[in-house]
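Take a look at the structure set out below.
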Amino acid sequence: MIQLVKGTKDIYGAEVKAWQSIEGKMRRLCETFGIGEIRTPAFEFTELFVRGVGETTDIVQKEMYTFTDDGDRSLTLRPEGTAGVVRAYIEHGMHNNAQPTKLYYISPTFRCENTQAGRQRQFHQFGVEMLGSYSAAQDAEAISVAAALLEEMGVKGVELRINSLGCPECRGRYNKKLREFIGSNLDRLCPTCKERFEKNPLRVLDCKEESCQAVIANAPSVLDCLDEECTAHFQKVQDILTEMGIPFVVDPKIVRGLDYYTRTVFEFVSDGLTVCGGGRYDNLVEECGGKPTGAVGFGLGIERLVMILEKQNGAIEEHPERDVYIGSMGEKGLIRAQGITLALRKAGVRAECDTVERSVKAQMKYANKIGAKYSVILGDSELESGQVELKEMETGEKETVSLAELAEVLLKKVK
Ligand SMILES: [Zn+2]
Ligand SMILES: [Zn+2]
């Protein structure tokens, strides 16, 4: 037997209903916020992610699904959503439109992750990118989308944590200070951090190892390294969030894993898990070959959201529900039931009929199983008279209805 690949998952039954509901809410919310959908390819040139995500990141160094195609080009399955959107923004000259350009995506995403830790190798990301503004108002708008979404989803105990990494100059100053601090505590760090602190000391702040956490607790704050402009920008983001009624805490330890963030970064945390994270990335468009463009965005893993919602609200249960079951007795009844069922479906009734040629008793059992609210049975006498007994499954109450009026009667009952 061929099984699915480790780190992938089939989504079906009750779970896919939950996904559809979540995706529906995402789409409706984006419509309200004036955010259009974008669907970029599942694979891109590897170079895009190396430049767009950052060479020193774990994603690029060890988590990408990279392959060479028959034209000897190096291609990579999308390991995150932002780079492809930025590539499309530049390629289609979207900067020529009235700005900002606001886009969202719901896409399968691929990373060669450690499946032992329960990580998926194909997972799904909802993301929003807003390009074409340097204003703090744009940061706040992006954050407000995420906040509204989590509220709409009913995620409980959500805390918004925000920070600013400053512009490249501020960040450079902070990196230097942080490197000095970490250098003097090097013996207490985990092996990974010992290795990465030279190239990217910010990443040490992200480390979950207890020994590293203990060191980080006393690390200098990035907020003390911000210049006047970056400080003012961060203050303005906070003022707007306050005006919007979105509660937040300032947490100078939030750095996010990616190299490209500038100024505002943020995370929404629930039950100690990051549900959603993002930030401003003012240099990424230029890095990918476009003109300097202010931009801000966030991403949210749908698997993680489903997991958190299940933990908070209990397992997703399946409640099958159909409007009517058209049972049949005998050959003529079976054939006629198929036609009537199709006519009912076209009229908008959720109808089912027998397609496996069960006994009448087994058909009624099946009608119960699929949650049919009403049922009829078509036998020779019903076909002759054109009248059927419409039975309400829960109460057992029956009424006589003509076949010609069945759709009309049912639509009235179930609507
Ligand atoms: Zn600055
Ligand atoms: Zn560490």
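Could you list, in sequence order, the residues of the stretch 347-365 that are out of contact with any Gly (no Cβ under 9 Å at 6 or more places or on another chain), part of a helix (DSSP H, G or I) and not small (Gly, Ala, Ser)? If the condition is that a residue be out of contact with any Gly (no Cβ under 9 Å at 6 or more places or on another chain), part of a helix (DSSP H, G or I) and not small (Gly, Ala, Ser), then LYS361, LYS365 are the ones that fit.
Could you please let me know if GLU129 is of a type outside the set (A, V, I, L, M, F, W, C) and either more than 21 Å from ILE254 (Cα to Cα) or under 15 Å from the mean Cα position of the chain (by Cα) (or both)? Walk me through how you get there before you give the answer.
Details: of a type outside the set (A, V, I, L, M, F, W, C): yes; either more than 21 Å from ILE254 (Cα to Cα) or under 15 Å from the mean Cα position of the chain (by Cα) (or both): yes.
Yes; evaluated as a whole, the condition is true for this residue.
When the stretch 203-224 is filtered for residues that are crowded, with 22+ Cβ neighbours inside 10 Å and within 16 Å of ligand 1 (Cβ to nearest atom), only VAL222 remains.
The conditions of being within 11 Å of ligand 2 (Cβ to nearest atom), within 25 Å of PRO168 (Cβ to Cβ) and open to solvent by 50 Å² or more (accessible area, probe 1.4 Å) are met by GLU195.
Conditions (1) outside the structural domain of GLU23 (by TED's automatic domain parsing); (2) buried (at least 16 other Cβ atoms within 10 Å of the Cβ), marked per residue:
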{"site": "MET153", "(1), (2)": "no, yes"}
{"site": "LYS156", "(1), (2)": "no, no"}
{"site": "GLU159", "(1), (2)": "no, no"}
{"site": "ILE162", "(1), (2)": "no, yes"}
{"site": "ARG173", "(1), (2)": "yes, yes"}
{"site": "PHE181", "(1), (2)": "yes, yes"}
{"site": "ASN185", "(1), (2)": "yes, yes"}
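When the stretch 174-195 is filtered for residues that are in contact (Cβ under 8 Å) with a residue 24 or more places away in the chain, within 16 Å of ligand 1 (Cβ to nearest atom) and more than 35 Å from the chain's Cα centre (by Cα), only LYS177 remains.
Does GLU317 satisfy the criteria of being among the charged types (D, E, K, R) and part of a strand (DSSP E or B)?
Considered against the rule, which asks whether it is among the charged types (D, E, K, R) and part of a strand (DSSP E or B), GLU317 comes out as no.
Within the stretch 284-300, work out how many residues are open to solvent by 20 Å² or more (accessible area, probe 1.4 Å) and either under 24 Å from the mean Cα position of the chain (by Cα) or of a type in the set (Val, Ile, Thr) (or both). So the answer is 0. For the stretch 214-233, filtered to residues that are in contact with a Leu (Cβ under 7 Å, 6 or more places away or on another chain) and away from ligand 2 (no atom under 16 Å from the Cβ), the residue that is nearest to LEU165 (Cα to Cα) is VAL222.
The values are calculated or read from the model by the stated rules, or taken from the named source; none is laboratory data. These numbers come from a predicted model, not from an experiment. Note that each Cβ is placed from the backbone with ideal geometry, even for glycine, and that neighbours are counted across all protein chains shown. Protein only, heavy atoms only, side chains kept; ligands, DNA and RNA dropped before computing areas. Shrake-Rupley method; radii C 1.70, N 1.55, O 1.52, S 1.80 Å.
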